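*Asks:* Pasting a structure here, questions to come.
The values are calculated or read from the model by the stated rules, or taken from the named source; none is laboratory data. Predicted, not measured: the structure shown is a model, and the values here were computed from it. For neighbour counting, all protein chains shown are included, and Cβ atoms are generated from backbone atoms with ideal geometry for every residue, glycine included. Keep in mind that these areas ignore ligands, DNA and RNA; they rest on the heavy atoms of the full protein, side chains included. Shrake-Rupley method; radii C 1.70, N 1.55, O 1.52, S 1.80 Å.
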Amino acid sequence: MLFWIAMALIVGGSIAITFTITAREYEAPEFQRRPSVAIQASEVLARGGILALKSWLDSNKNSIVDRDLYIVGPGGADILGRSLSETAARRLEFVNRDEFVNREGNYRPSRAAPQIVGADGSAYTVLLVPRRHSIFGALSLPGISLTILCIALIVSAIASWWLAQHLSAPIRRIQAGARALAAESLDAGARPGYRVSAGLEGRKDELAVLARDFDAMADRLRANRGAVTQLLRDISHELRSPLARMRVALGLARQPPADLSRQLDRLEREIERLDSLISQVLKLARLHGTDAVFARETFELDEVIEEVVRDANFEGAVKNCKVRLDGAARAAVNGNRELLRSAVENVLRNAVRYSPAGAPVEVSVMRSDSDVLILIRDHGPGVPAGDLERIFEPFYRVAESRDRDSGGEGIGLAITAQVMKAHGGWARASNGQGGGLEVRLNLPAGALAV
């Protein structure tokens with residue numbers, strides 16, 4: 001848009017200057033000078049005849065810098081024998097159409113060019129025409145080219161300066177933010193006072209969009225760094241707990257008289273729990289991101305869901321918790337069977353674990369043209385609204401002591417979310433009407449086998 005405006009100003013200014021100078025140079029001065037030239041030529045012709053007129057013309061033919069002076073005789077040729085320029089020839093043609101003879105037989109001066117009459121009655125036409133040697137015509141006249149050049153330089157300089165300021169400001173801010181990121185100073189691009197897009201809120205050009213995307217990237221990097229730091233803390237904490245219990249059991253085993261068999265059993269349970277935790281962490285690390293690499297195969301989703309439901313019913317029988325399955329996917333999935341089984345099983349085992357004794361757990365499977373939705377609902381205490389999204393974070397527990405007593409590591413739902421994400425879907429949680437927690441697992445049509 002700016003370039004269009006600049007070009008329009010240059011072209012418009014050039015046309016206006018050319019028209020003004022041309023009108024002034026070609027019309028007003030010419031009309032002002034015509035009478036004096038014609039009068040001088042007439043006086044010379046009257047005093048000395050045609051020879052004197054030729055001598056006068058030869059001396060004055062170049063007296064006007066940007067004009068050519070011709071005196072055309074009755075035969076239509078210049079009296080000095082010069083070839084008429086194209087402009088002079090056109091002017092003479094117009095004069096011949098315009099001139100007329102009065103009743104006395106004398107030529108009357110034309111409105112386009114004055115005419116003088118000699119003593120013998122011969123009429124001579126005085127032509128004072130612009131001299132145009134350049135193919136650019138009027139643009140080559142003195143003053144026009146320089147004026148147009150000045151207009152172009154001034155307008156382009158102003159436009160270039162404004163454009164440079166307009167473009168360089170966000171670029172400098174992005175550059176500073178990139179250096180801050182390179183120096184791992186993520187706060188420089190993330191705090192409201194230091195955002196790259198500050199001051200560019202009203203702009204919608206590509207650089208403003210890039211600045212906002214840069215801020216979003218810095219926010220995401222800061223969140224990822226915080227998540228990694230928290231994850232390391234949680235892993236350290238989770239690993240320290242079984243190790244501490246193992247150290248206590250080992251100390252008790254060394255004290256006489258010791259129940260060695262009991263302490264060895266305790267050590268074995270802690271080692272198994274530690275091995276399970278490490279396996280879960282490794283699985284989560286492999287699944288991190290949407291570009292996780294894993295083996296894919298085609299399998300029936302209903303078979304996997306039915307298998308998980310049977311196992312959950314076996315575990316729930318202890319507390320008389322019945323798992324009910326409603327609906328069917330009737331679709332084959334192109335993905336990893338064990339990962340999807342683990343994703344559904346993690347949610348369903350949590351539902352059975354936190355459902356009251358005798359309360360059912362409902363599993364609903366719904367198929368549409370765009371996706372498959374698996375809904376798992378329990379009738380337990382539910383989750384506070386502020387924690388519904390955080391339950392899919394690694395090692396996050398709604399109730400720390402309760403989850404530790406139940407034996408959970410707080411990583412199962414995080415694996416579920418990553419498995420669904422790796423298959424192009426998602427996992428979301430909400431509190432059901434009347435109590436209980438609802439977890440929705442979505443598989444898009446792209447994950448289904450054609």
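*Asks:* With the condition kept exactly as written, say whether any residue in the range 45-61 is modelled with pLDDT under 80, in a helix (DSSP H, G or I) and under 13 Å from Thr125 (Cα atoms).
*Replies:* no
*Asks:* Does Glu338 satisfy the condition of being modelled with pLDDT of 90 or more and of a type outside the set (Ser, Thr, Tyr)?
*Replies:* On the way: modelled with pLDDT of 90 or more: no; of a type outside the set (Ser, Thr, Tyr): yes.
No, not satisfied.
*Asks:* Okay, moving on. Is one or more of the residues making up the range 281-299 within 52 Å of the chain's Cα centre (by Cα), at pLDDT 80 or above and open to solvent by less than 40 Å² (accessible area, probe 1.4 Å)?
*Replies:* Yes, the range 281-299 has at least one match.
*Asks:* Exactly one of (1) more than 30 Å from Val228 (Cα to Cα); (2) hydrophobic (A, V, I, L, M, F, W, C); (3) free of Cβ contacts under 8 Å to residues at least 60 places away in the same chain; (4) open to solvent by less than 50 Å² (accessible area, probe 1.4 Å) is unmet by Ala331. Its number?
*Replies:* (3)
*Asks:* Checking the conditions here, which among Pro114, Pro170, Pro74 is modelled with pLDDT of 75 or more and within 30 Å of Ala198 (Cβ to Cβ)?
*Replies:* Numbers: Pro114 fails: within 30 Å of Ala198 (Cβ to Cβ); Pro74 fails: within 30 Å of Ala198 (Cβ to Cβ).
None of the others qualify; the one that does is Pro170.
*Asks:* Looking only at residues in the range 350-399 that are at pLDDT below 90 and among the basic types (Lys, Arg), which one is least open to solvent (accessible area, probe 1.4 Å)?
*Replies:* This residue is Arg397.
*Asks:* Which condition from (1) among the small types (Gly, Ala, Ser); (2) surrounded by fewer than 19 Cβ atoms within 10 Å (Cβ to Cβ); (3) at negative phi is the one that Ala88 breaks?
*Replies:* (2)
*Asks:* Out of curiosity, is Val361 touching a Cys at 6+ places or on another chain (Cβ under 8 Å) and in contact (Cβ under 8 Å) with a residue 40 or more places away in the chain? Give the derivation first.
*Replies:* Numbers: touching a Cys at 6+ places or on another chain (Cβ under 8 Å): yes; in contact (Cβ under 8 Å) with a residue 40 or more places away in the chain: yes.
The answer is yes for Val361.
*Asks:* Among the residues of the range 301-324, is there at least one that is more than 43 Å from the chain's Cα centre (by Cα), of a type in the set (Val, Ile, Thr) and surrounded by fewer than 17 Cβ atoms within 10 Å (Cβ to Cβ)? Walk me through it before giving the result.
*Replies:* Step one: list which residues in the range 301-324 are more than 43 Å from the chain's Cα centre (by Cα), which gives 302-324.
Filter again for of a type in the set (Val, Ile, Thr), leaving 304-305, 308-309, 318, 323.
Now restrict to residues that are surrounded by fewer than 17 Cβ atoms within 10 Å (Cβ to Cβ): 318.
The answer is yes, given that some residue of the range 301-324 is more than 43 Å from the chain's Cα centre (by Cα), of a type in the set (Val, Ile, Thr) and surrounded by fewer than 17 Cβ atoms within 10 Å (Cβ to Cβ).
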